[in-house]
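Here the structure comes first, spelled out in structure tokens, and everything after it is commentary.
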Amino acid sequence: MEKKSCYGCGKEALSKSEIGLTKKLLDKDSKRFYCVDCLAEYLEVDVEILLAKVEEFKEQDCKFF
Ligand SMILES: [Zn+2]
């Protein structure tokens, strides 16, 4: 499987959740992926909010997660 790294900080091996969040919150066809820290900064929200969203999406059985 292809390993994704964060476009913002270069963190390697992003988790499935981080990739899913990028797709869900930015663009489902995004070629750039972000770790939760960079996503939070980009979206100007708290990391906690993003982590809560991950749980929310998991409960909805989103295909990205
Ligand atoms: Zn990052």
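Of note:
- Debye-sum result for the chain in log10 I(q)/I(0), which assumes one identical scatterer on each alpha carbon, at q = 0.16, 0.18, 0.23 Å⁻¹: -0.45, -0.58, -0.95
- Highest-first arrangement of 23-29, 3-9, where packing means the average Cβ count within 10 Å: 3-9, 23-29
- Between PHE33 and TYR7, the built amide H atoms are under 5 Å apart, and every one of these is 5 or more places off in sequence or on another chain.
- Dividing the helix sum by the residues of the chain, where each DSSP H run of 4 or more adds -39500 (n - 2.57), gives a mean residue ellipticity at 222 nm of -14000 deg cm²/dmol.
All of the numbers you see were taken from the coordinates with simple rules; none came from a lab. Just so it is clear, the structure is predicted and the values come from calculations on it, not from any experiment. Because the Cβ atoms are built from the backbone with ideal geometry, glycine has one as well, and the counts that use them run over all protein chains shown.
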